[in-house]
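The next block holds one structure in the form of structure tokens; read it before the comments.
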Amino acid sequence: MTRDLTCFYINGAWVEPVSEQRFPILNPASNQQIGTLALGNRTDVDRAVAAASKAFESYGRTSREERLQLMRRLLEETKKRFEELAQAISTEMGAPITMAREAQADSGVGHLEGFIAALEGQSGRDALPNGDILVREPIGVCGLITPWNWPINQIVLKVAAALAAGCTCVLKPSEHTPLSAQLYAEIIDAAGFPAGVFNLVHGEGPIVGAALSAHSDVHMMSFTGSTRAGVAVMKDAAETVKRVTLELGGKSPNIVFADCDLEERVPASALECFYNTGQSCDAPTRLLVERSCYDKVCALLKETTEGQRVGDPSEEGDHIGPLFDEIQFARVQAMIETGLEEGARLLAGGPGKPEGFEEGWFVKPTVFADVHNDMRIAREEIFGPVLVVIPFDSEEEAIAIANDTPYGLAAYLQTGDMDRAERVASRLRAGAVHINGGGFNYGSPFGGYKQSGIGREGGVLGLEDFQEVKTLHFG
């Protein structure tokens, strides 16, 4: 099927939008236009919500086994289009193709398998100790808003959860990454979901996103993006008192104790920060280092950062690609300049583009040392390959610095003492703690404390966010 970026997927068909507004799609590695996208308006949203509402009348009553059959077909179709998904993501947001396959597109398979397992293991009917019966039912029509930095990852975490729960939905993906979203709509269509169960409307957050959030026939909003935009979604949703789940920003601490394997864990920590060109909400961007090993860590960071290759995203390899657009490039450059103005010591990188990369939105991987946690570069989410290094003298001080942030999405911990690992992890105010390189596994919940969001995505808890709980009281 040929993808048409000027059509929306509504009620099982590709339809012309009501809106006549258009938006250029650019390749961030070359800044060349690769397509034109139609942007929707409130009327387009109304059409999609109406289709989802009608479809819910029957899809909301499907059995778990019926939904599992559809989910398994969705998994088959996703695997068939795997390479297309990877290529689309690499083209639209600049992820190097190796990483686009191994992580970005892979998430479309892994999260879906996690939801299938969650649905298979969930009982639709449980007896409570008091004799009452608890049942879980789909919440209804869901509005889903996803970002550009992990496009398929976030689409599947929301769409697959909604479909598995028996909900119907309207997806508004980022207008900057529509290629993978269009492909996923084709995949859902090929899997055989009934018309209206899944709908796709492209558009801008203040228009399409706001229309979804405020819509009286939408029962739940699930949003991933900036904290600022998440607040807007909550405000728009408040009038109709709908459920809102949010996965927002982060400024994740990474605590390095002197008793860890520094030669292994410090380079890995830097590369984790630079992964996806630093454009991950849970990236470990604050490296908290025990003072007794501070100089050695700084030397390792400098060596690692200077060895981090920047390259063409279409080429195979472990290099990093560009930032996704000019606005993000300008923001990251401004924050690097801010770090210099604040008096942080530049260990590696700095302002400007890497040599030989004048086209596109490439940046130098950058590390600042001697940072204080009250500096802007330590408090604000930069969303680029910029790492700040903060010294500490004691375990208590490390925990205090780590928690001194409005965010709480993830935390990282490097230590050779497993008792310390458990002790410190229990006091970190974050939704996930990665210990000595432990990575995220599909099927586990993802989400954060404080201004990093509300609710969890993935696996059983992600499925439950799309369900209502009803109790039956028998006489």
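The values are calculated or read from the model by the stated rules, or taken from the named source; none is laboratory data. Note that this is a predicted model, so its numbers are computed, not measured. Neighbour counts run over all protein chains shown; Cβ positions are idealised from the backbone, glycine included.
Pick out the one residue from 88, 100, 118 that is of a type in the set (A, V, I, L, M), under 27 Å from the mean Cα position of the chain (by Cα), in a helix (DSSP H, G or I) and farther than 24 Å from residue 26 by Cα. Working first, answer last.
Working: 88 fails: farther than 24 Å from residue 26 by Cα; 100 fails: farther than 24 Å from residue 26 by Cα.
Among 88, 100, 118, only 118 is of a type in the set (A, V, I, L, M), under 27 Å from the mean Cα position of the chain (by Cα), in a helix (DSSP H, G or I) and farther than 24 Å from residue 26 by Cα.
Within the stretch 347-362, take every residue that is touching a strand residue (DSSP E or B) at 6+ places or on another chain (Cβ under 9 Å) and within 17 Å of residue 93 (Cα to Cα) and give me the one that is surrounded by the fewest Cβ atoms within 10 Å (Cβ to Cβ).
This residue is 359.
Out of 256, 297, which single residue is in contact with a Lys or Arg (Cβ under 9 Å, 6 or more places away or on another chain), touching a residue at least 40 places away in the same chain (Cβ under 8 Å) and either more than 27 Å from residue 222 (Cβ to Cβ) or aliphatic (A, V, I, L, M) (or both)?
Exactly one of 256, 297 is in contact with a Lys or Arg (Cβ under 9 Å, 6 or more places away or on another chain), touching a residue at least 40 places away in the same chain (Cβ under 8 Å) and either more than 27 Å from residue 222 (Cβ to Cβ) or aliphatic (A, V, I, L, M) (or both), namely 256.
Output yes when any residue across the stretch 157-167 is within 22 Å of residue 94 (Cα to Cα) and in the same structural domain as residue 12 (by TED's automatic domain parsing), and no when none is.
Within the stretch 157-167, one or more residues are within 22 Å of residue 94 (Cα to Cα) and in the same structural domain as residue 12 (by TED's automatic domain parsing).
Could you check the stretch 149-176 and list, in sequence order, the residues that are within 20 Å of residue 79 (Cα to Cα) and β-branched (Val, Ile, Thr)?
Those that are within 20 Å of residue 79 (Cα to Cα) and β-branched (Val, Ile, Thr): 152, 155, 156, 159.
Exactly one of these conditions fails for residue 263: (1) surrounded by 22 or more Cβ atoms within 10 Å (Cβ to Cβ); (2) at pLDDT 95 or above; (3) of a type outside the set (A, V, I, L, M). Give me its number.
(1)
Name, by its number, the condition in (1) surrounded by fewer than 18 Cβ atoms within 10 Å (Cβ to Cβ); (2) free of Cβ contacts under 8 Å to residues at least 12 places away in the same chain that does not hold for residue 22.
Going through the list (1) surrounded by fewer than 18 Cβ atoms within 10 Å (Cβ to Cβ); (2) free of Cβ contacts under 8 Å to residues at least 12 places away in the same chain, residue 22 breaks only (2).
Being in contact (Cβ under 8 Å) with a residue 12 or more places away in the chain, outside the structural domain of residue 315 (by TED's automatic domain parsing), within 30 Å of residue 49 (Cα to Cα) and out of contact with any helix residue (DSSP H, G or I) (no Cβ under 6 Å at 6 or more places or on another chain), is that true of even one residue in the stretch 126-133?
No: the stretch 126-133 contains no residue that is in contact (Cβ under 8 Å) with a residue 12 or more places away in the chain, outside the structural domain of residue 315 (by TED's automatic domain parsing), within 30 Å of residue 49 (Cα to Cα) and out of contact with any helix residue (DSSP H, G or I) (no Cβ under 6 Å at 6 or more places or on another chain).
Determine if the stretch 228-236 includes at least one residue that is at pLDDT 95 or above, β-branched (Val, Ile, Thr) and surrounded by fewer than 24 Cβ atoms within 10 Å (Cβ to Cβ).
Yes, the stretch 228-236 contains a residue that is at pLDDT 95 or above, β-branched (Val, Ile, Thr) and surrounded by fewer than 24 Cβ atoms within 10 Å (Cβ to Cβ).
Kindly provide the set of residues from the stretch 282-313 that are of a type in the set (Gly, Ala, Ser) and in contact with a Pro (Cβ under 8 Å, 6 or more places away or on another chain), ordered by number.
Correct list: 311 only.
Residues that are of a type in the set (A, V, I, L, M) and under 27 Å from the mean Cα position of the chain (by Cα): list the strands (runs of 3 or more DSSP E) wholly contained in the stretch 1-62 that include at least 2 such residues.
22-27, 32-38
Going residue by residue through the stretch 460-473, is there one that turns out to be in the same structural domain as residue 119 (by TED's automatic domain parsing) and either aromatic (Phe, Trp, Tyr) or in contact with a Ser or Thr (Cβ under 6 Å, 6 or more places away or on another chain) (or both)?
yes
Could you list, in sequence order, the residues of the stretch 358-372 that are on the phi > 0 side of the Ramachandran plot and in contact (Cβ under 8 Å) with a residue 60 or more places away in the chain?
360
Check residue 102 against each of (1) farther than 30 Å from residue 474 by Cβ; (2) touching a residue at least 12 places away in the same chain (Cβ under 8 Å) and name the one condition it does not meet.
(2)
Any idea which of 416, 384, 408 is in a loop (DSSP other than H, G, I, E, B), surrounded by fewer than 17 Cβ atoms within 10 Å (Cβ to Cβ) and either assigned by TED's automatic domain parsing to the domain that holds residue 346 or in contact with a strand residue (DSSP E or B) (Cβ under 6 Å, 6 or more places away or on another chain) (or both)?
416
Have a look at 330, 344 and point out the one that is surrounded by 17 or more Cβ atoms within 10 Å (Cβ to Cβ) and among the small types (Gly, Ala, Ser).
Selected residue: 344, the only one of 330, 344 that is surrounded by 17 or more Cβ atoms within 10 Å (Cβ to Cβ) and among the small types (Gly, Ala, Ser).
Among 376, 456, 427, 423, which is the only one that is basic (Lys, Arg) and crowded, with 16+ Cβ neighbours inside 10 Å?
456
Could you list, in sequence order, the residues of the stretch 357-375 that are over 21 Å from residue 302 (Cβ atoms) and not aromatic (Phe, Trp, Tyr)?
Selection gives 358, 359, 360, 373, 374.
Counting only residues that are in a loop (DSSP other than H, G, I, E, B) and in contact with a strand residue (DSSP E or B) (Cβ under 7 Å, 6 or more places away or on another chain), which one in the stretch 282-310 is nearest to residue 104 (Cα to Cα)? If you could, list the steps in order and put the result at the bottom.
First, the residues of the stretch 282-310 that are in a loop (DSSP other than H, G, I, E, B): 282-285, 308-309.
Applying the additional criterion that residues be in contact with a strand residue (DSSP E or B) (Cβ under 7 Å, 6 or more places away or on another chain) yields 284-285, 308.
Details: 284: 18, 285: 20, 308: 20 Å.
Once the filter is applied, the top-ranked residue is 284.
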